[in-house]
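Notes follow the structure.
The values are calculated or read from the model by the stated rules, or taken from the named source; none is laboratory data. These numbers were taken from a predicted model, which means no experiment stands behind them. All Cβ positions, even for glycine, are placed from backbone atoms using ideal geometry, and neighbour counts span all protein chains on display.
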Amino acid sequence: MAARFIVEADGGSRGNPGPAGYGAVVRDGDTGQIIAEAAEFIGHATNNVAEYKGLIAGLKAARELDPDASVDVRMDSKLVVEQMSGRWKIKHPDMQPLAAEARTILPRGRVTYTWIPRERNKDADRLANEAMDAGKAGRQWEPRKPAAAKAVATAVVAEPPLETAAPKAGWAAEADLGTPTTFVLLRHGETPLTPQKRFSGSGGTDPELSERGRWQAERAAEALAARGSIQAVVASPMRRTRQTAEIVAARLGLEVRYEDGLREVDFGAWEGLTFAEVQERHPDDLAAWLGSAKAKPTGSTESFTTLTHRAGVARDKILARYPGKTVLVVSHVSPIKTLVRLALGAPPDALYRMELSAAALCAVQYYADGNASLRLLNDTSHLR
C-alpha cells in the first residue's frame with residue numbers, strides 16, 4: 001500500500017507585500033509524526049504567494065518520500081484551500097501559475113484539502129517565521145538537527161540529502177537512556193532466483209520461497225523462539241517476506257503487521273537477470289547505478305536515494321509504534337543494508353561492502369537520544 005501523508009503548510013509576509021517566507025511539514029498519516037520539513041525565505045512577496053509556495057514545497061516533500069502517496073493538505077489559508085479544491089476561481093495573475101504548478105506535483109485524485117484554524121498550524125507557521133527571520137539576517141533557513149526517530153528535514157525539497165538521522169560518535173549508548181528499541185532484521189529465505197544471484201525486486205514476478213527457503217525460515221523461527229525476546233513482527237508485503245514472516249510469527253504466537261516501505265527496490269528491466277546479463281545488456285546504466293545512489297536501474301522509478309527515504313520513514317513508523325520493544329523486521333537485501341548503513345552513519349557506497357545471506361539476522365538498537373548501535377550483522381549460525 002502507498003503511504004498516507006498529512007501536509008501542513010503556511011506562508012507569511014511582513015508588510016504584505018514585504019519580506020516573505022514559507023514553511024511546510026509532512027506528517028505520517030497514521031502516527032501524526034513529522035517526517036519532513038521545508039522552509040525558505042523568498043524575498044519580497046505577498047502572504048498569498050508565500051502560502052502557495054509553502055503548499056508547493058510540502059507537496060514536493062511528500063512526493064520525494066513516496067511518489068505514490070495520498071496526501072491530505074491542511075492549511076489555515078481559506079483562500080488557498082478553496083481555490084485548490086476548485087470551489088473558488090483564481091483571478092490573481094501571481095497565483096495562477098503557482099496553483100497550476102501545485103496541481104502537477106501529485107495526481108488530483110490523491111490530494112485533498114482541509115481548512116484548519118491557525119492554532120492547529122503552528123509547526124508550519126513556526127517554520128515560515130524562521131525562514132523570514134533568516135532572511136532578515138541575510139541568510140537562508142537551515143533545518144534543525146533531526147531528533148530521535150525523525151526522518152530528514154530539508155530546505156531544498158527537489159534535491160534531498162541521502163542521509164536520515166545518523167548516530168553520534170562516542171559512548172552515548174552507555175548512558176542511561178532507557179530501554180532501546182531493538183530491530184532484529186531478518187532477510188527472507190531463498191527463492192528459486194536466490195541461488196542464481198538474479199535481480200529480484202518489487203517490479204518482478206514476486207517469487208515465493210523455495211523448499212530450502214521454507215527450511216531456512218523454520219530454522220530462523222526456532223532460533224528466534226529460543227531467543228525469547230521478540231514482541232512484534234513487521235514485514236515487507238512481498239510474497240517471500242510474507243511467507244518468511246508468517247512461518248516465524250506462527251512459531252512465536254504473534255501477528256504480522258505489513259509495512260510497504262520495507263519492500264525491495266524495483267529493478268526495472270533488470271528483474272530476473274544476473275549481474276553479468278545486466279552488464280552485457282545495459283552496461284551504461286549499470287555503471288551509473290554502481291557509481292551513484294541517485295541512479296536508477298533501466299526502466300525503474302527507484303534509486304537507492306528513494307529507498308533511503310522510504311526505508312527511513314518505515315523505520316520511524318516502527319519506532320513510534322513500538323518504543324522500547326524488540327521487533328522482528330522481515331525484509332530484503334537492500335532495505336536491510338540501508339537500515340544498517342543509516343545506523344552506522346556510513347556513506348551510500350557502503351551498501352556494496354556488506355554481505356547479507358538468505359535468512360540472515362542483523363540487529364540494530366535505537367536510543368532515545370537519536371543514536372543507533374549495530375549489534376549483529378549477517379548471522380547465519382541458525383542455518384548450520
How many residues of the stretch 346-384 are touching a Lys or Arg at 6+ places or on another chain (Cβ under 8 Å), small (Gly, Ala, Ser) and part of a helix (DSSP H, G or I)? The answer is 1
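Pick out, from the stretch 1-76, the strands (runs of 3 or more DSSP E) lying fully within it that include 2 or more residues that are in contact (Cβ under 8 Å) with a residue 60 or more places away in the chain, closer than 23 Å to Pro107 by Cα and among the charged types (D, E, K, R).
Details: elements: 4-13, 18-28, 34-45, 70-75.
It comes to 4-13, 70-75.
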(1) over 19 Å from Phe199 (Cα atoms); (2) of a type outside the set (Phe, Trp, Tyr); (3) in contact with a Lys or Arg (Cβ under 6 Å, 6 or more places away or on another chain) all hold for Arg315 apart from (3)
Ser85 vs (1) free of Cβ contacts under 8 Å to residues at least 40 places away in the same chain; (2) within 10 Å of Ala9 (Cβ to Cβ); (3) hydroxyl-bearing (Ser, Thr, Tyr): all pass except (2)
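When only residues in the stretch 74-116 that are of a type in the set (Lys, Arg) and over 17 Å from Arg4 (Cα atoms) count, which is surrounded by the most Cβ atoms within 10 Å (Cβ to Cβ)? It would help to see each step written out before you state the result.
Initial filter on the stretch 74-116 (of a type in the set (Lys, Arg)): 74, 78, 87, 89, 91, 103, 108, 110.
From the residues that got through so far, the ones that are over 17 Å from Arg4 (Cα atoms) too are 78, 87, 89, 91, 103.
Working: Lys78: 10, Arg87: 9, Lys89: 9, Lys91: 8, Arg103: 14.
Only one residue tops the list, namely Arg103.
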Only one of Ala343, Ala287 is within 18 Å of the chain's Cα centre (by Cα) and part of a helix (DSSP H, G or I), namely Ala343
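Conditions tested, residue by residue: (1) in the same structural domain as Ala368 (by TED's automatic domain parsing); (2) farther than 23 Å from Pro335 by Cβ; (3) at pLDDT 95 or above.
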residue	(1), (2), (3)
Ala158	no, yes, no
Val184	yes, no, yes
Asp206	yes, no, no
Leu254	yes, no, yes
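With respect to Ala220, determine if the residue is part of a helix (DSSP H, G or I), at pLDDT 85 or above and either among the aliphatic types (A, V, I, L, M) or closer than 24 Å to Ala276 by Cα (or both).
Values: part of a helix (DSSP H, G or I): yes; at pLDDT 85 or above: yes; either among the aliphatic types (A, V, I, L, M) or closer than 24 Å to Ala276 by Cα (or both): yes.
In short, yes.
This table checks each residue for (1) hydroxyl-bearing (Ser, Thr, Tyr); (2) surrounded by fewer than 22 Cβ atoms within 10 Å (Cβ to Cβ); (3) over 16 Å from Val265 (Cα atoms); (4) more than 17 Å from the chain's Cα centre (by Cα).
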{"residue": "Phe304", "(1), (2), (3), (4)": "no, no, no, no"}
{"residue": "His309", "(1), (2), (3), (4)": "no, no, no, no"}
{"residue": "Leu328", "(1), (2), (3), (4)": "no, no, yes, yes"}
{"residue": "Ser334", "(1), (2), (3), (4)": "yes, yes, no, no"}
{"residue": "Tyr352", "(1), (2), (3), (4)": "yes, yes, no, yes"}
{"residue": "Ala359", "(1), (2), (3), (4)": "no, no, yes, yes"}
{"residue": "Val364", "(1), (2), (3), (4)": "no, no, yes, yes"}
{"residue": "Asn371", "(1), (2), (3), (4)": "no, no, yes, yes"}
{"residue": "Ser381", "(1), (2), (3), (4)": "yes, yes, yes, yes"}
If we keep only residues of the stretch 229-284 that are closer than 25 Å to Gln365 by Cβ, in a helix (DSSP H, G or I) and charged (D, E, K, R), then the residue farthest from the chain's Cα centre (by Cα) is Arg251
**OP:** Answer with yes or no whether Lys197 is modelled with pLDDT of 80 or more and either under 30 Å from Gln279 (Cβ atoms) or under 22 Å from the mean Cα position of the chain (by Cα) (or both).
**Re:** yes
